[in-house]
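Let me begin by presenting the structure, written as structure tokens, before commenting on it.
The values are calculated or read from the model by the stated rules, or taken from the named source; none is laboratory data. Predicted model only: the values in this text are computed from it and were never measured. Cβ: placed from backbone, ideal geometry, glycine included. Neighbour counts: every protein chain shown. These area figures cover heavy atoms from the full protein model, side chains too; ligands, DNA and RNA do not enter into them. Shrake-Rupley method; radii C 1.70, N 1.55, O 1.52, S 1.80 Å.
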Amino acid sequence: MSDAYYRYHVFFCVNQRSGGQECCANKGAVAMRDYAKARIKSLGLAGKGKVRINQAGCLDRCAQGPTIVVYPDGIWYSYSSTSDIDAIIDEHLVQGRPVERLRI
């Protein structure tokens, strides 16, 4: 294991823009972050040396959103459903294989 505190650190953009501008918050990002966080905990993957799910402010990819980025890999995803989040968790965070169909 590297010196990283977490194996994977996943940031969900939950930014809310004013004036009806396109943003991840308007596309269900908060609920999806909460879903991912709960699923990671239920799988026993949360904590030191494992996975951390966090929220982020604007990740500046609103038009492609909602978006997340997985570090240390630096892989960006767009998702539209809990099944997409499940795929990212099951394939990338558990098996170490990025989900190509969701990459941006």
#### Entry: Fully extended contour minus Cα-Cα distance, from ASN54 to ASP73, at 0.36 nm per residue
5.3 nm
### Query
Which value, in debye to the nearest 20, describes the size of the charge dipole of the chain about its Cα centre when Lys and Arg Cβ atoms bear +1, Asp and Glu Cβ atoms bear -1, and nothing else is charged?
260
### Query
Using alpha carbons only, how many degrees (0 to 90, rounded to 10) separate the axis of helix 29-42 from the longest principal axis of the chain?
10
### Reachable aspartates and glutamates, given that their alpha-carbon falls under 15 Å from the alpha-carbon of LYS27 and they are not under 8 places away in the same chain
ASP60, ASP84
### Query
Given a 1.4 Å probe and the protein chains all in place, what does the accessible area of LYS41 round to, in Å² to the nearest 10?
130
### Net charge of neighbours whose Cβ lies under 12 Å from the Cβ of ALA4, counting Lys and Arg as +1 and Asp and Glu as -1
+2
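Compute the accessible area per residue over the chain, keeping the other protein chains in place, probe 1.4 Å, unit Å².
Computed with neighbouring chains in place, this is 53 Å² per residue.
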### Task
Under 12 Å from the Cβ of SER78, count the other residues' Cβ atoms, weight Lys and Arg +1, Asp and Glu -1, and hand me the total.
+3
### Solitary cysteines of the chain, where the nearest other Cys Cβ is not under 4.7 Å
CYS23, CYS58, CYS62
